[in-house]
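Only one structure is covered here, and it is reproduced in the block below.
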Amino acid sequence: MSPLSAESVRIQAKMALLETRMAAACARSGRSESEVTLMAVTKTHPVGTVEAAERLGLRLYGENRVQEAAAKRSEVTTDGRWELIGPLQSNKAKLALETFDRIQTIDRPKLVQLLDRLVGEGVARGSSPYPILLQVNAGDDPAKSGTTVEGAEALLECALAAKYLRVEGLMTIAPLSEDPAVAERCFFRLRALRDRLEGSHGVALPVLSMGMTDDLEAAIAAGSTLIRVGSALFGQR
Ligand SMILES: *Cc1c(COP(=O)(O)O)cnc(C)c1O
């Protein structure tokens, strides 16, 4: 193999620090490191950054804009997994299904029904049933999308009724705050909601997608299984 590019070397150094943070957070909460998956958030970064990340073995990417991701993914030759972590408008649903391996931001019944119909018609790369996460605004943040905690049950029921979709878990974004207790509360609330819904509906919702650069420790303490990290890997956007 050719030597690592300067960009790969830069990312590698950041990745080492990040892995130390993740390991410490897992140790503090008595969790195994294998329970927490790292997603590299490549939004706004060029294809070259994705390729530099691939060289380091990263294979899971998060993007928040459908068109940007579609363009990038068509240029990358390796076989990573790409997931949508930004809001999805109905008019981009088809392209989203064709671009992403999973959509994390399902926040309304209408979107569930639309995706179900499209997957049923054969739109979507990869697997049917198509995997989704339900986005919950567990921090009650007016600036964030996602169903309310109160609305999550109805959304789950709609998703469970969808023939061509498979709900794998919940996703949240914590409110921005100087006070770390705010993110912590949000993450524990999502965890409690997940536990409650699993019990009441007799389903497994194993994925808890929560935690980013600034709040991943709190998320891991609350049971996160997937952290979405951008700036700690690639620098400020
Ligand atoms: C941008 C983004 C991230 C990554 O944020 P960083 O603070 O850069 O780690 C994670 N999740 C979502 C939904 C995002 O939009």
Sole residue being loosely packed, with under 14 Cβ neighbours inside 10 Å and acidic (Asp, Glu), chosen from GLU168, GLU178: GLU178
Conditions (1) out of contact with any strand residue (DSSP E or B) (no Cβ under 7 Å at 6 or more places or on another chain); (2) touching a residue at least 40 places away in the same chain (Cβ under 8 Å); (3) of a type outside the set (Val, Ile, Thr); (4) closer than 20 Å to GLY223 by Cβ: number failed by LEU156: (1)
Any hit, segment 139-155, residues being buried (at least 16 other Cβ atoms within 10 Å of the Cβ) and in a helix (DSSP H, G or I): yes
Which listed residue, of LEU190, LEU197, LEU208, is free of Cβ contacts under 8 Å to residues at least 60 places away in the same chain, away from the ligand (no atom under 16 Å from the Cβ) and either within 16 Å of GLN135 (Cα to Cα) or in contact with a helix residue (DSSP H, G or I) (Cβ under 7 Å, 6 or more places away or on another chain) (or both): LEU197
Some residue of segment 46-62 being out of contact with any Ser or Thr (no Cβ under 9 Å at 6 or more places or on another chain) and of a type in the set (Ser, Thr, Tyr): no
Residue in segment 100-107 that is within 16 Å of ALA159 (Cβ to Cβ) and part of a loop (DSSP other than H, G, I, E, B) present: yes
Hey, SER2 surrounded by fewer than 13 Cβ atoms within 10 Å (Cβ to Cβ) and over 24 Å from SER209 (Cα atoms) or not: yes
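For (1) hydrophobic (A, V, I, L, M, F, W, C); (2) surrounded by fewer than 16 Cβ atoms within 10 Å (Cβ to Cβ); (3) assigned to a strand (DSSP E or B), each residue gets a yes or a no:
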{"residue": "LYS43", "(1), (2), (3)": "no, no, no"}
{"residue": "ALA53", "(1), (2), (3)": "yes, no, no"}
{"residue": "TYR61", "(1), (2), (3)": "no, no, yes"}
{"residue": "GLN67", "(1), (2), (3)": "no, yes, no"}
{"residue": "ALA71", "(1), (2), (3)": "yes, yes, no"}
{"residue": "THR77", "(1), (2), (3)": "no, yes, no"}
Members of segment 124-138 found to be surrounded by 18 or more Cβ atoms within 10 Å (Cβ to Cβ) and either within 16 Å of the ligand (Cβ to nearest atom) or over 23 Å from VAL41 (Cβ atoms) (or both), listed by number: ILE132, LEU133, LEU134, GLN135, VAL136, ASN137, ALA138
Of all residues making up segment 8-41, the number that are part of a helix (DSSP H, G or I) and of a type in the set (Ser, Thr, Tyr): 3
Tally, over segment 211-237, of residues that are free of Cβ contacts under 8 Å to residues at least 60 places away in the same chain and within 14 Å of the ligand (Cβ to nearest atom): 8
Considering residues of segment 46-88 that are away from the ligand (no atom under 13 Å from the Cβ) and of a type in the set (Lys, Arg) only, the residue farthest from the chain's Cα centre (by Cα): ARG55
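Taken together, the values in this text are just the output of simple stated rules run on the coordinates, not laboratory data. This one's a predicted model, so the numbers in the text were calculated from it and none came from an experiment. Every residue, glycine as well, gets a Cβ built from its backbone with ideal geometry; the counts of neighbours run over all protein chains shown.
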